[in-house]
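Q: This is the structure I have questions about; it appears just below.
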Amino acid sequence: MIQNTQPPKKSHKTLWIVLVLVGVLVVLPCLIGGIVVAGGYFLASSSATRNLSEARIRQTRAEISNFEQCLDLFETDCGRYPTTSEGLDALLEKPGQVQGWHGPYLKRASIPVDPWGNPYNYQCPGSHNMNTYDLWSNGPSDQSGSGGKIGNFDHP
């Protein structure tokens, strides 16, 4: 009788089944957890974006209020508001031969821009405030015709 001297071949099938099961039991929950976490991050991110947008709007309203105070001081000193052509620069530098100017009325070296990096708009006399002036930011869209204007004529 002839004996087989080679050891019997072990099946690697069992090893592969174990590896696949471990992979499924470990990797799949990690993937699902990652999706849930990523979804939560997405929700937090959109909330943070909304909060940032609201903060910029509040900052714009505060800046407009500051301009209003400065413009009122200009009007008290000079007897009128700056013209549209003089603009907000009249709060920093004496425009022409204006009598009574005691500025600068802003405690800054230059006229600030809105939170979106765009200049504020000033018109005197105003279209909304015909006896005084209109002062506004075009808001996040920076579209002069858009409904997103934030100004001294849209106080909530």
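Q: Run the simple label-point estimate for E93 and R108 please: 7 Å along Cα→C-beta, distance reported in nm.
A: My value for the distance between the label points is 1.7 nm.
Q: Below 20 Å, Cα to Cα, which aspartates and glutamates can K94 reach? Residues fewer than 8 away in the same chain don't count.
A: E68, D72, E75, D77, E86
Q: Can you check what the net charge comes to around P104, using other residues whose Cβ is under 11 Å from the Cβ of P104 (Lys, Arg +1; Asp, Glu -1)? Mind showing how you got there, number by number?
A: Values: positive: K94, K107, R108; negative: D89, E93.
Cβ neighbours under 11 Å give a net charge of +1.
Q: Ok, one more. List the aspartates and glutamates whose alpha-carbon lies under 12 Å from that of K149, not counting same-chain residues fewer than 8 positions away?
A: The reachable aspartates and glutamates, counting only those whose Cα sits under 12 Å from K149, are D114, D134.
Q: While we're here: In nm, to one decimal, how far is the modelled label at I17 from the one at F153, with both set 7 Å along Cα→Cβ?
A: Placing both labels 7 Å along Cα→Cβ, they lie 8.0 nm apart.
We did not get these values from a lab; they are worked out from the coordinates using the rules stated. From a predicted model like this one, the values you see are computed outputs, not experimental measurements. Heads up, the Cβs are rebuilt from the backbone with ideal geometry, glycines too, and the neighbour counts pull from every protein chain shown.
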